[in-house]
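Provided herewith is a single structure, encoded as structure tokens, for subsequent inquiry.
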Amino acid sequence: MMTFGYKTSLSEGAIKCPLFQTSTFVFESAQKGKEHFELAYGLREPKDGEEQGLIYSRLNNPDMEILEDRLAVWDNAEACVSFASGLAGITTTILAYTKPGDCIIYTEPLYGGTHHFLEHELKKWDVHAIAIPAGVRLTSKHEKRVREQMDGRALALALVETPANPTNRLVDLADVSNMIAHLTADQDPKRRVPLCVDNTFLGPLFMHPLEHGADIVLYSATKFIGEHSDVVAGAALGDADVLMPIRTLRTFLGNMLSPMDGWLLMRSLETLKMRMSISQQNARVVAQWLKDHPAVTHVHYLDLIPANHPMRDVYDRQCLGSGSLIAFEVRGGESGAFACMDRMQLIKTAVSLGGTESLVEHPASMTHAGMSTEDKARLGVTSGLIRFSVGVECVDDILADLSNALAHL
Ligand SMILES: *Cc1c(COP(=O)(O)O)cnc(C)c1O
């Protein structure tokens, strides 16, 4: 994360990759310019050792490309395409693989912005989105229900979020792969139906979906990858040929990562492992502490999944750690939750997650406010639920703040 993909000799010996805040790049000669375009437009195969030359910052830029090379390392991916936001990466991936008359399947619950895009924007393009549940093993009963809703449409893509926000419900990627195989058995076998996994919550440290059958890994790099709460960015990772339609569409939508954001994310990646490890260590202590507190009625945290729960096996097989997101329910519903949040001093109330600082938010009235009452009940988004993104502060300070905030409930 400190040196990969960067040649000091190309930047006056600078130890760090500089910020290439430039819109365009001067060609060595007209002939070189022609060659760069031949590769960029796929007019010929690269010669031995020939690399894509720099052209224009909507197509490529050193801060974007070196960041992409480094991000690919974590997930052992062949390639990476970076975006101006997590949602830009998700929506570009979906648009690149769907056409009018198709349908896609997605696990529920899903990040609010993604859900809105699937249920409202995609409908305008005559692409239907069909929900399958997170937190349960998928059976032939689920498959039958999806098939009925497909109503003869071709399946174009599957989008999975695991663990799901806010209650950490898991999805077994093997179950979804099987479902895709069954649902596409009578489709054109040449058509690729990618399994896409939004790995924002556990990745890139604690889950590697490409090793579990996923074709594309998606990130909001705004969260753990950025982790300083000063960048909005996203990425898609996978095999180069799988990413090609996404890379091409990015060029024409123009929703690529900016040089400045690439530069900031490279700074973040150097200490990513340390920061994510410390947040996780803190979260494990905090989850245990919350579980035993009399004002807390329920704690949703991956480490606390009971041994006999069907999702325990999925957790053990698929995840390398429990991460640092906890959802806990306090006594007293919304007023109990608000009183607790407003008494916190160190821990701030804000949406977003995965930053160095501890943040809480109230899903029922904030991130998940758009959900119907029935959906909230079905998905466990109760009025007393608080989502807690545990930061890297001293854990004793976090516990002292929590203890004070919960003392009067
Ligand atoms: C934040 C988030 C997104 C959206 O990312 P932006 O960078 O805000 O566009 C998508 N998925 C998940 C799971 C998220 O937490």
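For the structure I just gave you, tell me whether Leu202 is in contact with an Asp or Glu (Cβ under 9 Å, 6 or more places away or on another chain) and within 14 Å of the ligand (Cβ to nearest atom).
Here the answer is no, as Leu202 does not meet what is asked.
Looking only at segment 142-166, filter to residues that are within 13 Å of the ligand (Cβ to nearest atom) and at pLDDT below 95; which one of those is farthest from Val197 (Cα to Cα)?
Across segment 142-166, the extreme among qualifying residues is Pro166.
Related question: Identify the residue in segment 101-135 that is small (Gly, Ala, Ser) and surrounded by fewer than 17 Cβ atoms within 10 Å (Cβ to Cβ) and, among all such residues, is nearest to Gly152 (Cα to Cα).
Ranking the candidates gives Gly101 first.
Hey, any hits in segment 115-130 for a residue that's among the β-branched types (Val, Ile, Thr) and away from the ligand (no atom under 16 Å from the Cβ)?
yes
Name the one entry in Val160, Val146, Val197 that is outside any loop (DSSP other than H, G, I, E, B), touching a Pro at 6+ places or on another chain (Cβ under 6 Å) and open to solvent by less than 20 Å² (accessible area, probe 1.4 Å).
Just one listed residue meets the conditions, Val197.
Considering each residue of segment 217-240, count those that are in a strand (DSSP E or B) and either more than 9 Å from the ligand (Cβ to nearest atom) or closer than 14 Å to Leu205 by Cβ (or both), and give that number.
Number satisfying all stated conditions: 6.
Regarding segment 280-298, can at least one residue be identified that is in the same structural domain as Val81 (by TED's automatic domain parsing) and over 18 Å from Lys223 (Cα atoms)?
No: zero hits.
Tell me, which residue of segment 249-267 that is of a type in the set (A, V, I, L, M) and either outside any helix (DSSP H, G or I) or closer than 18 Å to Thr24 by Cβ (or both) is most open to solvent (accessible area, probe 1.4 Å)?
Looking at the filtered set, the residue picked out is Met260.
Is there a residue in segment 392-399 that is part of a helix (DSSP H, G or I), free of Cβ contacts under 8 Å to residues at least 12 places away in the same chain and not assigned by TED's automatic domain parsing to the domain that holds Leu202?
yes
Further, regarding this structure: Output the residue which, of all residues in segment 81-103 that are part of a strand (DSSP E or B) and more than 16 Å from the ligand (Cβ to nearest atom), is farthest from Thr139 (Cα to Cα).
Out of the qualifying residues, it is Asp102.
Looking at Gly323 and the list (1) part of a loop (DSSP other than H, G, I, E, B); (2) within 16 Å of the ligand (Cβ to nearest atom); (3) modelled with pLDDT of 95 or more; (4) more than 14 Å from Thr167 (Cβ to Cβ), which single condition is not satisfied?
Every listed condition holds for Gly323 apart from (4).
More than 16 Å from the ligand (Cβ to nearest atom), in the same structural domain as Leu157 (by TED's automatic domain parsing) and over 16 Å from the mean Cα position of the chain (by Cα) - does that describe any residue in segment 32-49?
no
Which of the residues spanning segment 342-369 are more than 15 Å from the ligand (Cβ to nearest atom) and farther than 23 Å from Asp230 by Cα?
Asp342, Arg343, Ala364, Ser365, Ala369
When segment 34-84 is examined, which residues are found to be open to solvent by 30 Å² or more (accessible area, probe 1.4 Å) and in contact (Cβ under 8 Å) with a residue 24 or more places away in the chain?
If the condition is that a residue be open to solvent by 30 Å² or more (accessible area, probe 1.4 Å) and in contact (Cβ under 8 Å) with a residue 24 or more places away in the chain, then Leu54, Tyr56, Arg58, Leu59, Glu65, Asp69, Val73, Trp74, Asn76, Glu78, Ala84 are the ones that fit.
Let me ask something else. May I ask you to say which residue of Arg145, Arg137 is over 25 Å from Leu272 (Cβ atoms), under 24 Å from the mean Cα position of the chain (by Cα) and not hydroxyl-bearing (Ser, Thr, Tyr)?
Sole residue among the options that is over 25 Å from Leu272 (Cβ atoms), under 24 Å from the mean Cα position of the chain (by Cα) and not hydroxyl-bearing (Ser, Thr, Tyr): Arg137.
Shifting gears a bit: From the list Asp175, Asp186, exactly one residue is open to solvent by 60 Å² or more (accessible area, probe 1.4 Å) and in the same structural domain as Ile216 (by TED's automatic domain parsing). Which is it?
Asp186
Residues are listed down the side, and each one gets a yes or a no for (1) among the β-branched types (Val, Ile, Thr); (2) at positive phi; (3) in a helix (DSSP H, G or I); (4) surrounded by 21 or more Cβ atoms within 10 Å (Cβ to Cβ):
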{"residue": "Glu334", "(1), (2), (3), (4)": "no, no, yes, no"}
{"residue": "Gln345", "(1), (2), (3), (4)": "no, no, no, no"}
{"residue": "Met366", "(1), (2), (3), (4)": "no, no, no, no"}
{"residue": "Met371", "(1), (2), (3), (4)": "no, no, no, no"}
{"residue": "Ala377", "(1), (2), (3), (4)": "no, no, yes, no"}
{"residue": "Ser383", "(1), (2), (3), (4)": "no, no, no, no"}
{"residue": "Arg387", "(1), (2), (3), (4)": "no, no, no, yes"}
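Does segment 48-80 hold any residues that are in a loop (DSSP other than H, G, I, E, B) and of a type in the set (Ser, Thr, Tyr), and which are they?
Ser57
The values are calculated or read from the model by the stated rules, or taken from the named source; none is laboratory data. What you see is a predicted model, and the numbers here were worked out from it, not measured in a lab. Positions of Cβ are generated from backbone atoms using ideal geometry, with glycine treated the same way; all protein chains shown enter the neighbour counts. Ligands, DNA and RNA are stripped out before the accessible areas are found, and what is left, the full protein with its side chains, is counted by its heavy atoms. Shrake-Rupley method; radii C 1.70, N 1.55, O 1.52, S 1.80 Å.
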